[in-house]
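Just so it is clear, none of the values below were taken in a lab; they were calculated from the coordinates. Predicted model only: the values in this text are computed from it and were never measured. All Cβ positions, glycine included, derive from the backbone under ideal geometry; neighbour counts span all protein chains shown.
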Amino acid sequence: MIVMDRRNLSAPGWSHVLSTTNDVAELDRFRERVGAPRQALQLGNRRYPHLDLKLEPRERALADPQVRVFERTSDMLRFLKSMRGEGIE
């Protein structure tokens, strides 16, 4: 499942997009579907590989009915941690 934040407080105009299973292939397919450049795929954080989206790709992602959208990054991360059975930091 793809999840994303609507509002990234530390980077206005950008959204993070994650796979609930950390599936890099799923993220890459989604990146292509919304028309984001390759550089949008961020693999540096093994715990949370993600897409950084802005402008039209971000708007397409927000409008996708298959994406679960959270208002804030912290809400999305709380959901992921609870889904994965991780403690909340």
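Brief remarks on what is shown
- Folded to 0 to 90 degrees: helix 73-84 orientation relative to the chain principal axis, Cα: 60 degrees
- Taking 21, 73 and counting other C-beta atoms within 10 Å, the order from fewest to most: 21, 73
- Region 2-84: relative contact order in percent, alpha carbon pairs under 8 Å with at least 6 residues between: 39 percent
- Cβ-based net charge around residue 58, under 12 Å, with every Lys or Arg adding one and every Asp or Glu removing one: 0
- Of 69, 17, 24, 34, the sequence from fewest to most neighbouring Cβ atoms within 10 angstrom is 24, 69, 34, 17.
- Degrees between helix 24-34 axis and first principal axis of the chain (Cα, 0 to 90, nearest 10): 40 degrees
- The calculated 222 nm mean residue ellipticity attributable to helices in the chain amounts to -11000 deg cm²/dmol, summing -39500 (n - 2.57) over DSSP H runs of n ≥ 4 and dividing by all residues.
- In region 9-89, trypsin sites (Lys or Arg not before Pro) in a DSSP loop with at most 14 other beta-carbon atoms within 10 Å: 46, 47
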